[in-house]
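The values are calculated or read from the model by the stated rules, or taken from the named source; none is laboratory data. From a predicted model like this one, the values you see are computed outputs, not experimental measurements. Neighbour counts are summed over all protein chains in view; Cβ atoms, including those assigned to glycine, are modelled from backbone coordinates with ideal geometry.
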Amino acid sequence: MSAPSIGTKEAFKEALKTLSGKVAFALLLVIVLMGGVTPIYAPYNVIKAWSMREVWMDNPPCAAPVWVQFFVHKKLPKTIIIENEDFHKSVKTIEYGGVTYRYIYLSAFFDYEYDEFPNKISAFIIEVTPNASSVSSVRITVELQRPDGDTIKLVEG
């Protein structure tokens with residue numbers, strides 16, 4: 001003998017009689033509402049923004065969110081952004097073989113007070129503006145000097 005068939009309305013009434021049915025219905029309602037509200041609040045050009053470097057600078061893809069810190073007993077690494085005003089600048093002009101070279105040395109220091117190593121180190125050079133009268137190209141080297149004195153090259157070119 002098969003079970004009697006009931007309609008959709010009766011099935012909803014039966015499901016809403018139990019606590020698990022009410023919770024399931026509330027979750028379903030939240031999901032449907034989020035699906036309707038997301039196109040209104042999401043940026044229009046998500047695909048273009050996805051590949052923009054500026055979007056990921058504050059929230060890198062390999063880093064855990066800040067709220068993970070509340071669930072572990074370690075001080076996890078966070079994004080460290082070093083701005084232009086954080087650099088100490090020294091300029092040296094050298095003449096060699098009738099050509100004038102400018103050696104610009106920028107240094108910045110920061111305290112790394114975390115219990116683990118970062119899983120990715122990135123160096124972004126936002127803008128390089130060579131002198132209009134310069135004939136040669138610009139060469140950039142970015143190095144990270146560890147507290148023990150070892151130097152790691154991050155960017156060279």
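Per-structure values
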{"item": "Matching residues in the range 44-71 - criterion: being surrounded by fewer than 10 Cβ atoms within 10 Å (Cβ to Cβ) and either touching a Gly at 6+ places or on another chain (Cβ under 9 Å) or not in a helix (DSSP H, G or I) (or both)", "result": "44, 45, 51, 58, 61, 62, 65, 71"}
{"item": "Unmet requirement for residue 50, which otherwise passes all of (1) free of Cβ contacts under 8 Å to residues at least 24 places away in the same chain; (2) within 17 Å of residue 120 (Cα to Cα)", "result": "(2)"}
{"item": "Any chance residue 85 is outside the structural domain of residue 143 (by TED's automatic domain parsing), closer than 23 Å to residue 108 by Cβ and free of Cβ contacts under 8 Å to residues at least 12 places away in the same chain", "result": "no"}
{"item": "Every residue from the range 102-117 that is charged (D, E, K, R) and either surrounded by fewer than 10 Cβ atoms within 10 Å (Cβ to Cβ) or over 28 Å from residue 92 (Cβ atoms) (or both)", "result": "111, 113, 115, 116"}
{"item": "Members of the range 77-89 that are modelled with pLDDT of 85 or more, of a type outside the set (D, E, K, R) and surrounded by 10 or more Cβ atoms within 10 Å (Cβ to Cβ)", "result": "87"}
{"item": "Test: residue in the range 5-23 that is modelled with pLDDT under 75 and not in a helix (DSSP H, G or I)", "result": "yes"}
{"item": "Per-region count, the range 80-116, residues farther than 30 Å from residue 64 by Cα and either touching an Asp or Glu at 6+ places or on another chain (Cβ under 9 Å) or among the basic types (Lys, Arg) (or both)", "result": "4"}
{"item": "Among (1) surrounded by fewer than 10 Cβ atoms within 10 Å (Cβ to Cβ); (2) at pLDDT 75 or above; (3) within 23 Å of residue 98 (Cα to Cα) - the single one residue 140 does not satisfy", "result": "(1)"}
